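The values are calculated or read from the model by the stated rules, or taken from the named source; none is laboratory data. As the structure is a prediction and not an experimental result, all values here were calculated from the model. Every residue, glycine as well, gets a Cβ built from its backbone with ideal geometry; the counts of neighbours run over all protein chains shown.
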Ligand SMILES: Cc1cc2nc3c(=O)[nH]c(=O)nc-3n(C[C@H](O)[C@H](O)[C@H](O)COP(=O)(O)O)c2cc1C
């Protein structure tokens, strides 16, 4: 089973990376074959809305997204992990998502969704934010909406979301009473056959 994971945080050793590592550890125990993309380290141009994918469903921009597109097609499981930045996913995550407009065209215009493969396609969304969860904090809601649009566009029909609020300092998630275990167990569940 191929598992594709995206780390959308620029902070090396940060909360997103720690949580994602736990989820991957769980998935590897289920013998998932994991490919990890640290989005901040990649050469990814934002979508130019050039229409280059309109006729073919394939993005014409030649950068690291070409490899990600191949990995998305091949994946049975996809994890998106992002910090909350200004009430949504990080810019690194959003650039990757916007560049999936090519999949949107392929699925909704050309009616050719990414094939499901032998295990179906499932997703896991991991979000961590520094602010307290309260009525005025729309961060998780907005990030969830964006990630859901991404998952459905790349033909992942179901995903589970883990959200951790009030976690701000680099590495503070390690002191959370349940977060690492939750991420690890979500990784196991995601990759279980
Ligand atoms: C540019 C920027 C914007 C942020 N905006 C929010 C926000 O809107 N809501 C929130 O809860 N936390 C916000 N934070 C805090 C981060 O989500 C928090 O520090 C998180 O733990 C970072 O995860 P990381 O260690 O994986 O990078 C912001 C941080 C930065 C740098």
The condition of being in contact with a strand residue (DSSP E or B) (Cβ under 7 Å, 6 or more places away or on another chain), within 13 Å of the ligand (Cβ to nearest atom) and either at pLDDT 95 or above or in a helix (DSSP H, G or I) (or both) holds, among 4, 19, 36, only for 19
Scanning the stretch 72-98 residue by residue, those at negative phi, within 15 Å of the ligand (Cβ to nearest atom) and not in a strand (DSSP E or B) turn out to be 90, 91, 92, 93, 94, 95
Reported set for the stretch 125-161 where residues are closer than 17 Å to residue 4 by Cβ and within 13 Å of the ligand (Cβ to nearest atom) is 126
Practice problem: Return yes or no: is residue 188 touching a residue at least 40 places away in the same chain (Cβ under 8 Å) and within 15 Å of the ligand (Cβ to nearest atom)? | Solution: no
Filtering helices (runs of 4 or more DSSP H) wholly in the stretch 100-193 for at least 3 residues that are within 17 Å of residue 88 (Cβ to Cβ) gives 139-153
